[in-house]
Amino acid sequence: MPTTKYPSYPFGRPSAFAVPREYARLRKNSPVARVEVPEIGPAWLVTRYDDVRKVLSDNRFGVEPPGRAGSNDSLFQDPPGHTRLRSLVSKAFTPRYLAGMRARVGEIAASLLADMSRRAGPVDLVEALAIPLPLAVIGELLGIAEVERDAFRDRVDAVVTMDLMSPEAVRRGRSCRTTCLVWSLRSRRTPARTCSAL
């Protein structure tokens, strides 16, 4: 009996911000479809909004395949591991802490806008503001020194421009996570200017 070959997921994108055409086809013809995910195997893909809401609110569904334990260092796992990690992360983002970051985020944004105004001709808003602003804020949250931000961006770009479930993306993601940890530990010995210091 021949084995069924499921479509490979994630789907290729025509460009970085374009939604793959396969989603519209699946929503119309097969809103709950089997797909093949690299390094994981067969999985179910749900494409209609109401169905997605039902799946996400029903504890009978999970991220991890049945019988397989997830990694211990990722938010992409089921409770109780996900709950534990989410609790740790949420402690760093209290309303008071986020309000304290507002002034520094404003400084970073003003600096990027000033850089844009000095350029001749049209400016790519995504390249000049939408990408560097969150990367700068995240860099400060992690304690990554300003001189290392370009290297930080290179590592993040290497991950987010790939199919996130591909073996290469997984390898680069681990490399990025390790590098960020090293930078963060180094910054604790030689502190960079971070939001937590404000």
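The values are calculated or read from the model by the stated rules, or taken from the named source; none is laboratory data. All of these numbers come straight from a predicted model, not from anything done at the bench. Here Cβ is always computed from backbone atoms with ideal geometry, including for glycine, and neighbour counts include all displayed protein chains. Surface areas here come from the heavy atoms of the whole protein model, side chains and all, with no ligands, DNA or RNA. Shrake-Rupley method; radii C 1.70, N 1.55, O 1.52, S 1.80 Å.
Residue pairs whose Cβ atoms lie under 8 Å apart, separated by 6 or more positions or on different chains, with the first residue in the range 2-16 and more than 9 Å from residue 35 (Cα to Cα) and part of a loop (DSSP other than H, G, I, E, B) and the second at pLDDT below 80 and open to solvent by 60 Å² or more (accessible area, probe 1.4 Å), are 12/163; 16/161.
Which count do you get for residues in the range 40-60 that are modelled with pLDDT of 80 or more and part of a loop (DSSP other than H, G, I, E, B)? So the answer is 5.
Taken together, 37, 63 contain a single residue that is open to solvent by less than 40 Å² (accessible area, probe 1.4 Å), among the hydrophobic types (A, V, I, L, M, F, W, C) and modelled with pLDDT under 85, which is 37. In the set (1) open to solvent by 70 Å² or more (accessible area, probe 1.4 Å); (2) under 24 Å from residue 157 (Cβ atoms); (3) hydroxyl-bearing (Ser, Thr, Tyr), residue 117 fails one condition alone, (2). Output yes when any residue across the range 145-163 is open to solvent by 60 Å² or more (accessible area, probe 1.4 Å), under 26 Å from residue 8 (Cβ atoms), in contact with a Pro (Cβ under 8 Å, 6 or more places away or on another chain) and at pLDDT below 75, and no when none is. Yes, the range 145-163 contains at least one residue that is open to solvent by 60 Å² or more (accessible area, probe 1.4 Å), under 26 Å from residue 8 (Cβ atoms), in contact with a Pro (Cβ under 8 Å, 6 or more places away or on another chain) and at pLDDT below 75. Determine whether residue 129 is within 21 Å of the chain's Cα centre (by Cα), at pLDDT below 60 and part of a helix (DSSP H, G or I). For residue 129, the condition - within 21 Å of the chain's Cα centre (by Cα), at pLDDT below 60 and part of a helix (DSSP H, G or I) - is not met.
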